Structure formats: C-alpha cells, structure tokens
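Everything on this sheet refers to the single structure shown next.
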Amino acid sequence: MPAHPDLVAQNAQFTKKIHKLSDNVFTAVGYAASNVHFLVGEAGIVLIDTTETTQAAENILSDFRAISNLPITTIIYTHSHRDHISGAKVFAEGRDVEVIASDNFTSDLVGVDQSRPAPNKALMARTKRHFGISLRPDERISVGVGPGDRPMKGMGAGYIEPTQRISERTQLNRDGFDLELVKAPGETPDHIVVWLASQKILFSGDNFYHAFPNLYAIRGTPYRDFDAWADTMDQLMAFEPEVLAPGHTQPVVGADAIRTALTDYRDAIRHVVSTTVEGMNAGLDPVTIAADLRLPDHLASKPYLQEFYGHVGYASRAYFAGTLGWFDGNPTNLGELPPVAEALKIIRLAGGADAVLLAAKTALSDGETQWAMELADRLIFADQQKDAASKIKIQALRYIADFTVNAPTRNYYLLAARELEENLA
Ligand SMILES: [Zn+2]
C-alpha cells in the first residue's frame, strides 16, 4: 500500500537508538511511540518517562543495561498520557521507587470517576482509529510522533501511581543531579518539564516534537489551551537549553537550533489563534476558516511543523469550539435537521437513491473523494442503496488515506474503512 512519501520519510525520526546526550544522560528513541530518558548518577538512575507498554520498556531496559547496571531510583512523569506512564513497573524491577508528577496529574488510568456518565466507549472506539490499533504495521506506517511498527504487549500495564506531587517550580537533588521541575502546560495542563542546569539539557515532555502540535486530537479531547501552550514555548526558551530532549522524536542539539524551533512552534500556534480569531470576528463559520487557514511559508516549510501529528485545520476548529462553542453563528443551524431527515429530503430532491449513487460514483472517478463520501453518507443515513454507497465510501477513505500526511487521519480513514467493510451485508 502506498502512503504519503513525507509520512514514510518521517520514520527516520524513529530509528531505534539510545542517543547519548552527554557522558551520563541518554534518551531511548524509536522503541515505542514515546521516549525514555536516563540520567545515570554514581549510585542510581533518574528516569524521565516510562513509555507505553511493558514490552517496549523491557526492550529499552535490556538494551540500556549495556550502558549501566545501576538501579533506577526515581521516575519522573512529564505528564499523564498513557504512552509515558505505562512501563514504570518494568524499570522499577520490583524495588520501591520514588515516582514524581505534577500536583494536577490525572490520567487515563487513574482519577476517572466511574460513578458519573462519560463517553468512554466512544473515546475508546475513536482512539483505536486515531492510533490505527489493529491495522497492520504496513498499513499504519506511523502514529505521527512514533513508529507504526512497535510492541503492543502490556499496553498501559506497568503504571505506578506517583508518590510525590510537585507544584510550580521545585528543586530536587536525586542521584547527584540538581534538577529543576517546572510546571509547563501545553499538550496537557498537567505537564512538567525537567531542567538539568549543569548540562543545559531540557526534557520538554510533549510540549515540543517534530510535528505540528496536536492542539486537537481526533480521538476526542477537551479544549487544549492554545495561549498557555504558546506561552510555555517562551518559558522553555528562557532556560537557554543547549540540548532539548522531547517526549517523542529525536533530540534537538544546539542553542540556536532550539531557540529557532521553539520560536517557530510558538509562532505557529499564535498564527492559528490570530487567523481563527480574525475569521470569527468577520462572522465566518469554523469550516470556512479552517479550509482557508495556512501557516506562513517560513513556518510551513519547517520539518518540525509538518502535519504528521497535529493538523492546522483541526486546530483552528478546536479553537473556535473551545472559545465560542459549537454554534457557528448561523441561526439556521440552531434547528438543523438531523442527518437522516436531511438525507431523505436531499435524496428525494435529487431524483432518488439511484441518481445519488450515480453522482457518488462519478465524483469518486473524478477524484472528488470528499464529495463522493458526502453523497454516500446520505444514502447510508437514509438506508437506501446502503451497501453500494458503503463501498464507495470505503474506496474514497482508502484513496484519501494515501494522500494525507497526517498519521491520525490516515489511521482513522483506514480503520473506519475496514469497519464499514465488516458491516457490509
Ligand atoms: Zn506522548
């Protein structure tokens, strides 16, 4: 199966390797979706993040034992996302380790109030499509900020609850390292970054990676604070790091390269905000604003702002929804027809289901794949020519998947196509 060549080429970011950041600091990249950082002291090791599965953690630890046999004494979680907290038990090797996180740390695994209704089932189905879980590695290619082909055994299984929670700026000495832990909201509000001043190394969690920031995840996420994330870029730059070790993708080395990357990241977020605000104030709807939004050329060309993970248009729509809410401002849409009712009327207007099906087929063969899917959806909703329409939608989804550089979109299209195929009569 072909795929967008830039998405394929980005897999070079995930070459499996333990990068040496200094004499005693190492980062394991490419073993899993996320990275693990080792700070090797005289008697023990401080670990930052623990990756997504126990199997990946075992692989990393086994390779790392060629570098040091010291015990891991302290684990720091940069944030609560599952891909950073799930291998802790493997690294602890049965010992009692200190586990440090922020005081607003909440995760997929803990703190979910089961007594209240929540769309967990929907979130799970969408997450599966977002990450292409159950797609073959050659279909998945990538998850955007990590390799598509990686161990899945023990997903979420090795989590250890934090033993210490820090607020704002905290100085710690562990295994001979003077560390500064600083709260830095970005991809999540519970982020902390770790500053190793003596070596000018900054561990930035998921507030920077080599892809456009994931300001909205199509698996379904609450509003992420755009301004806070942009402000955090200034906060990170103020450390004047010489090595930036992110939670995903490869480290960035050199003060100038880091300053440029963080500045561009901040400016890209600010550009989405200011352009979306301009459109909102002009009375435009979120779909039109997102369709026209592009990064300026000097940002659009940067390798770390390609839409492998985050997506400029999705971000703009999330900003709209997160600030003005779901209503686009057009009074018609306060009472819009539900999709089934609308589909029945459109099909009748178009001269019946066969006419709509023919138009969908023509659109598909003309390369108008989005329109083909929108026509197919009318037939699927109305339960008229449903299988024929589903087949058109499946073809369209698979066709577009190979042209998108955004890994979550690709994965979502491909898994949704397979689900539709399984439901054919
Ligand atoms: Zn992550």
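The values are calculated or read from the model by the stated rules, or taken from the named source; none is laboratory data. Being a predicted model, the structure only gives us computed values, none of them experimental. Reconstructed Cβ throughout: ideal geometry from the backbone, glycine too, with neighbour counts over all protein chains shown.
VAL277 meets each of the listed conditions (1) free of Cβ contacts under 8 Å to residues at least 60 places away in the same chain; (2) under 29 Å from PHE38 (Cβ atoms) apart from (2).
Let me confirm something: among ASP285, ASP292, which residue is modelled with pLDDT under 95 and more than 28 Å from TYR77 (Cα to Cα)?
Numbers: ASP285 fails: modelled with pLDDT under 95.
Checking each option against the conditions leaves just ASP292.
Flag set for LEU196, criterion: modelled with pLDDT of 95 or more, more than 16 Å from the ligand (Cβ to nearest atom), among the hydrophobic types (A, V, I, L, M, F, W, C) and touching a Leu at 6+ places or on another chain (Cβ under 8 Å).
The single condition from (1) within 14 Å of the ligand (Cβ to nearest atom); (2) under 12 Å from the mean Cα position of the chain (by Cα) that GLY205 fails is (2).
Which of the residues that make up the range 258-292 are surrounded by 18 or more Cβ atoms within 10 Å (Cβ to Cβ) and in contact with a Gly (Cβ under 7 Å, 6 or more places away or on another chain)? ILE289, ALA290 - these are the residues of the range 258-292 that are surrounded by 18 or more Cβ atoms within 10 Å (Cβ to Cβ) and in contact with a Gly (Cβ under 7 Å, 6 or more places away or on another chain). When GLU58 is tested against the conditions (1) within 20 Å of TRP195 (Cβ to Cβ); (2) touching a residue at least 24 places away in the same chain (Cβ under 8 Å); (3) away from the ligand (no atom under 16 Å from the Cβ), the lone failure is (1). Put simply, of SER115, SER107 the only residue that is surrounded by 18 or more Cβ atoms within 10 Å (Cβ to Cβ), out of contact with any strand residue (DSSP E or B) (no Cβ under 8 Å at 6 or more places or on another chain) and of a type in the set (Gly, Ala, Ser) is SER107.
Inspect all residues belonging to the range 302-320 and state whether any of them is assigned to a loop (DSSP other than H, G, I, E, B), more than 18 Å from the chain's Cα centre (by Cα), on the phi < 0 side of the Ramachandran plot and not β-branched (Val, Ile, Thr).
First, pick out the residues of the range 302-320 that are assigned to a loop (DSSP other than H, G, I, E, B): 302, 306-311.
If we keep only those that are more than 18 Å from the chain's Cα centre (by Cα) too, we end up with 302.
The next check asks that each one be on the phi < 0 side of the Ramachandran plot; those that pass are 302.
With the extra rule that they be not β-branched (Val, Ile, Thr), the set shrinks to 302.
The answer is yes; a qualifying residue exists.
Taking into account only those residues within the range 65-90 that are under 29 Å from the mean Cα position of the chain (by Cα) and assigned to a loop (DSSP other than H, G, I, E, B), which is farthest from the ligand (Cβ to nearest atom)? Restricting to residues being under 29 Å from the mean Cα position of the chain (by Cα) and assigned to a loop (DSSP other than H, G, I, E, B), the top hit is GLY87. Can you pull out the residues in the range 219-253 that are under 17 Å from TYR314 (Cβ atoms), within 16 Å of the ligand (Cβ to nearest atom) and not in a loop (DSSP other than H, G, I, E, B)? If the condition is that a residue be under 17 Å from TYR314 (Cβ atoms), within 16 Å of the ligand (Cβ to nearest atom) and not in a loop (DSSP other than H, G, I, E, B), then TRP229 is the only one that fits.
Take the residues of the range 357-402 that are in a loop (DSSP other than H, G, I, E, B) and not polar (S, T, N, Q): which is farthest from the chain's Cα centre (by Cα)? Show your work before the answer.
Initial filter on the range 357-402 (in a loop (DSSP other than H, G, I, E, B)): 366-368, 383-385, 402.
Checking which are not polar (S, T, N, Q) leaves us with 366-368, 383, 402.
Working: ASP366: 33, GLY367: 29, GLU368: 28, ASP383: 35, ASP402: 19 Å.
The residue in question is ASP383.
Number of residues in the range 165-191 that are more than 14 Å from the ligand (Cβ to nearest atom) and under 30 Å from VAL312 (Cα atoms) equals 5. A single member of ALA28, ALA32, ALA57 is part of a helix (DSSP H, G or I), touching a helix residue (DSSP H, G or I) at 6+ places or on another chain (Cβ under 8 Å) and at pLDDT 95 or above, and it is ALA57.
If a residue counts only when it is under 24 Å from PHE26 (Cβ atoms) and without any contact (Cβ under 8 Å) to a residue 24 or more places away in the chain, which strands (runs of 3 or more DSSP E) contained entirely in the range 102-188 have at least 1 such residues? Here the list reads 169-174, 177-183.
Here are ASP190, ASP175: which of them is of a type in the set (D, E, K, R), touching a Leu at 6+ places or on another chain (Cβ under 8 Å) and in the same structural domain as MET124 (by TED's automatic domain parsing)? Quick ask: steps written out before the conclusion?
On the way: ASP190 fails: touching a Leu at 6+ places or on another chain (Cβ under 8 Å).
Just a single option satisfies the conditions, and that option is ASP175.
Reported count of residues in the range 1-25, each being part of a strand (DSSP E or B) and over 25 Å from SER80 (Cα atoms), is 2. Figure legend. Inter-residue proximity from the range 258-273: first residues of a type in the set (S, T, N, Q), second residues modelled with pLDDT of 95 or more, beta-carbon distance below 8 Å, spacing 6+ or different chains. Indicated pairs: THR263/MET233; THR263/MET237.
Based on what the data block shows, is GLY156 over 16 Å from PRO246 (Cβ atoms) and away from the ligand (no atom under 15 Å from the Cβ)? Break it down into steps so the answer makes sense when it comes.
Working: over 16 Å from PRO246 (Cβ atoms): yes; away from the ligand (no atom under 15 Å from the Cβ): no.
It is false that GLY156 is over 16 Å from PRO246 (Cβ atoms) and away from the ligand (no atom under 15 Å from the Cβ).
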